[in-house]
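Working notes, beginning with the structure itself.
Just so it is clear, none of the values below were taken in a lab; they were calculated from the coordinates. Everything quoted here is computed from the prediction, not taken from an experiment. FYI the Cβ positions are ideal-geometry reconstructions off the backbone, even for glycines, and counts take in every protein chain you see.
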Amino acid sequence: MQSSALTLPIEKNASLLWKECLSIIKENVPSITYNTWFLPIKPFALDNNTLKISVPNNFFIEWIEEHYNTLINKTVGHVLGAEGKLAYVILEEKPPVEERPINTAQNNHTPTLISLKKTRNYETFLNPRYIFDNFIKGEGNQLARAAAFAVGENTGQTSFNPLFIYGGVGLGKTHLIQAIGNKILEASPDKRVIYLSSDVFTVEFVEAIQNDNVNEFSNFYKSMDCLIIDDIQFLIGKEKTQDLFFQIFNTLHQSGRQVVLSSDKAPKDLKGLNERLISRFSWGLSADVQPPDFETRVAILKNKSFSFGISLTNEILEYIAQNITSNIRELEGCLVKLLANSSLNSKEIDFDLVKKTVREVSTNKQVNISIDVINKVVSEFFKMEENKLREKNRRKEVVFARQIAMFLSKSLTKSSLKTIGLHFGGRDHSTVIHAHACIEKMLSSDPKIKEMVISLKNKIEMSVV
Ligand code: ADP
Ligand code: MG
């Protein structure tokens with residue numbers, strides 16, 4: 001019998017070939033990795049000697065490429081033969097995907113990313129992952145979800161126009177407002193729906209001014225059946241953009257078309273936004289999203305872990321839900337990290353790994369961090385003796401390092417300002433407040449300092465795990 005490694009088995013179809021690839025991959029990676037990253041990939045088509053496989057999103061490709069590039073190449077070579085190639089296809093992933101190679105390695109089997117653009121002549125920017133089916137209901141999002149669902153079902157015919165969803169970060173606003181768009185298109189693919197964040201809207205508007213096509217720009221948005229704008233708070237301080245948005249809003253609203261907005265605050269609290277916009281926002285319905293309660297957190301974790309292809313015991317789910325309480329993005333982050341920790345180290349997910357991971361991502365971790373640890377990590381970072389920060393030394397670089405250490409102590413420990421001040425050279429609480437304010441200011445104005453502080457935070461957290 002001839003080996004399939006030498007000639008391309010053209011009589012085989014895509015699904016058989018991919019099955020063969022999978023069986024090789026399965027032998028060579030931990031089962032958790034296999035289930036998470038390879039099983040969700042589906043064979044798409046066999047085009048000459050190129051096997052096209054569809055992946056859920058770009059992230060998958062990047063992850064696989066980063067960690068399993070060699071394995072993939074070898075496998076493809078083995079199954080498809082020397083001329084065989086692999087191409088990834090992402091179905092409706094945003095941002096718009098162009099046909100482009102995603103790997104620069106000089107390798108025959110280097111996969112290519114193929115675009116499956118829809119026939120519409122603009123990009124909706126909707127992420128197909130954000131749908132109502134995978135949005136878990138809870139007390140904190142009940143009204144917002146119900147209203148969003150109604151708008152998705154009867155666009156422009158409810159009195160929820162505009163629908164204004166507001167609340168803190170990571171609580172599902174983007175998910176909900178995009179679910180509306182996806183629902184509308186599912187029932188009526190010809191409807192014109194677009195999603196964008198208000199800062200993207202602003203950038204495009206500025207470009208339109210520069211290119212002298214503001215009319216075209218505004219007519220495009222006026223042509224929508226449903227306009228979804230995320231994070232509307234970014235329009236604050238941008239008067240001209242607000243004016244244009246006001247016009248677009250009026251046109252859409254007057255002709256019974258839907259506007260959906262999200263923001264970090266309720267309309268009345270959007271200080272700095274034009275009053276006439278604020279008043280229009282209250283024409284429809286404003287609904288907030290609140291942090292999820294314990295039961296909802298467990299339900300979300302259950303659902304997400306299922307979709308990641310892992311099954312966790314109730315004990316583990318509850319442990320995570322008890323310790324990560326602030327928002328859903330963090331819950332999700334914890335699961336992703338858990339998967340990464342487990343698959344990269346080929347470790348099964350046991351309670352120890354869960355505890356370690358929760359500790360890494362939990363915002364409640366400050367209980368374990370001491371000022372001493374912070375002093376040590378910051379001194380090491382600035383290549384100073386540990387004592388320097390505890391002395392009254394006023395050299396510029398020591399003062400700066402000390403301010404950073406004070407800032408981190410205030411953010412990461414539960415110590416009082418007085419204790420922090422005493423630790424760093426017997427200073428009083430007002431010095432700590434001042435240091436905190438200085439660094440906070442720098443964080444928002446200097447990306448380098450921000451990066452440095454984040455890296456210090458990570459180092460500190462790692463050193464207490
Ligand atoms: P926000 O826009 O409010 O900052 P996102 O919509 O981006 O939050 O949500 C953060 C992450 O949490 C997303 O991946 C989203 O899918 C997920 N998420 C938020 N709320 C829920 C929910 N109720 N059920 C399932 N997933 C959720
Ligand atoms: Mg958002």
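The gain in end-to-end length when the Asn458 to Ile278 segment is fully stretched comes to 60.8 nm, 0.36 nm per residue minus the alpha carbon separation.
Please label the shape of the chain as rounded, prolate or oblate, based on the square roots a ≥ b ≥ c of the eigenvalues of the alpha-carbon gyration tensor (a/c under 1.5 means rounded; beyond that, a/b larger than b/c means prolate, else oblate). The partial results should precede the final answer.
Numbers: a/c = 1.83, a/b = 1.12, b/c = 1.64.
Cα axes put the chain in the oblate bin.
Annotation: the residues Ile248, Ile209, sorted from fewest to most other C-beta atoms within 10 Å of their own C-beta, follow the order Ile209, Ile248. Placing R0 at 35 angstrom, the Cβ-Cβ distance between Glu139 and Ser307 gives a FRET efficiency of 0.95 after rounding to 0.05. Note on Lys19: lysines with a C-alpha under 22 Å away, same-chain residues under 8 apart excluded, are Lys42, Lys52, Lys74, Lys85.
For a quick check: sort Cys21, Cys438 by the number of other beta carbons within 10 angstrom, fewest at the front. Walk me through the intermediate numbers first.
Details: Cys21 23, Cys438 16.
The most exposed by this proxy come first: Cys438, Cys21.
Sorted largest first, the spans of the alpha carbon positions of the stretch 294-363 along the three principal axes are 30, 24, 20 Å. Between Lys450 and Val336, the distance separating the two model label sites (each 7 Å from Cα on the Cα→Cβ line) works out to 1.8 nm.
The stretch 374-394 and the stretch 301-349 have Cα centres spaced 37 Å apart.
Mind ranking 415-428, 397-410 by how tightly packed they are, going by the mean number of other C-beta atoms within 10 angstrom, highest first?
On the way: 415-428: 17.3, 397-410: 22.0.
Top of the packing list down: 397-410, 415-428.
Measuring r between the beta carbons of Asp212 and Leu16 and using R0 = 56 Å, the FRET efficiency lands at 0.50.
Could you compute the net charge surrounding His253? Neighbours are other residues with a C-beta less than 14 Å from the C-beta of His253; K and R count +1, D and E count -1.
Working: positive: Lys222, Arg257, Arg276, Arg280; negative: Asp225.
Result for the local shell: +3.
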